[in-house]
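Student: This is the structure, below, for whatever I ask next.
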Amino acid sequence: MYKKIIVFEGIDGSGKTYHINEVSKYLTKKKIRFIKIREPGGSKNSEVIRNFILNKKSNLKKKTDLLLYLAARNENFENLIKPNINKKVILLDRFVCSTVAYQHYGFKINKSIIKSLNNFILGNIKPNFTFLHIVPPKNIKKNISGRKNKYDSFNKNFYKKVQSGFLKILKNDKNKYIIDASRTKKYNMEIIRKKINRLLRINDK
């Protein structure tokens, strides 16, 4: 079995967190060693930063947000990702694509700066595979009503730009699979499970 970095991406309410949690249960059942990390968040210090960034009352400037996201990523990389590379499967709920999609395509921060900072933190570490969850335009924001973080207050047009950004970022990436969030969770999970089996060489019999 190969040790992989597998990322679940998509806008808020796309179902990515549900699916990464289901994959975690599946790998546990198969007795495969893995670590699951959410971004922002994950390590102890990253969770502190997460609470600061996503606080509904937060009025941080967009460049400050970017630097805090990357600070949280560096804590995860040094404390969780780097020690487990080639030792465990690493599952990530958001990673570099989210930063570019939200901060560049959503907030118009210079893309080259974002990429340079990510390279500074991660070096040549990249995901082996990405599941990108895409929400039909009519359903954008449908599944985030009632939640209480800063991003929940952004309008549908913002999320359309972010989702379009995800598609542009991963357009030519052969190591991705697009998940249609309008399908049932059961249907999508079956697709993801089969992909995971191939990626990790799991014999599901």
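The values are calculated or read from the model by the stated rules, or taken from the named source; none is laboratory data. Keep in mind the model is a prediction, meaning the values are calculated, not measured. Glycine also receives a Cβ, built like all others from the backbone with ideal geometry; neighbour counts cover every protein chain displayed.
Student: Hey, could you check the range 2-15 for residues that are at negative phi and surrounded by fewer than 23 Cβ atoms within 10 Å (Cβ to Cβ) and say which is modelled with the highest pLDDT?
Tutor: Among those that are at negative phi and surrounded by fewer than 23 Cβ atoms within 10 Å (Cβ to Cβ), it is 5.
For every residue, the table says whether it meets (1) buried (at least 18 other Cβ atoms within 10 Å of the Cβ); (2) touching a Ser or Thr at 6+ places or on another chain (Cβ under 8 Å).
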{"position": "100", "(1), (2)": "yes, no"}
{"position": "114", "(1), (2)": "yes, yes"}
{"position": "120", "(1), (2)": "no, no"}
{"position": "181", "(1), (2)": "yes, yes"}
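Quick grid of which residues meet (1) within 20 Å of residue 34 (Cα to Cα); (2) out of contact with any Lys or Arg (no Cβ under 7 Å at 6 or more places or on another chain); (3) among the small types (Gly, Ala, Ser); (4) assigned to a loop (DSSP other than H, G, I, E, B):
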| residue | (1), (2), (3), (4) |
| --- | --- |
| 81 | yes, yes, no, no |
| 101 | no, yes, yes, no |
| 114 | no, yes, no, no |
| 117 | no, yes, no, no |
| 159 | no, no, no, no |
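Student: Please specify each residue of the range 8-34 satisfying the condition of being among the charged types (D, E, K, R), without any contact (Cβ under 8 Å) to a residue 40 or more places away in the chain and not in a loop (DSSP other than H, G, I, E, B).
Tutor: Across the range 8-34, the qualifying residues are 25, 29.
Student: Assuming residue 68 fulfils every condition listed in (1) of a type in the set (A, V, I, L, M, F, W, C); (2) within 26 Å of residue 113 (Cβ to Cβ); (3) out of contact with any Pro (no Cβ under 7 Å at 6 or more places or on another chain); (4) at pLDDT below 95 apart from one, which condition is it?
Tutor: Evaluating residue 68 over (1) of a type in the set (A, V, I, L, M, F, W, C); (2) within 26 Å of residue 113 (Cβ to Cβ); (3) out of contact with any Pro (no Cβ under 7 Å at 6 or more places or on another chain); (4) at pLDDT below 95 leaves (4) as the failure.
Student: When you go through 175, 188 one by one, which is the residue that is out of contact with any Ser or Thr (no Cβ under 6 Å at 6 or more places or on another chain), modelled with pLDDT of 95 or more, of a type in the set (S, T, N, Q) and closer than 24 Å to residue 86 by Cα?
Tutor: 175
Student: Sticking with this structure for a sec: I'd like to check something: does the range 35-57 contain any residue that is farther than 29 Å from residue 153 by Cβ and either part of a helix (DSSP H, G or I) or more than 13 Å from the chain's Cα centre (by Cα) (or both)?
Tutor: Yes: one or more hits.
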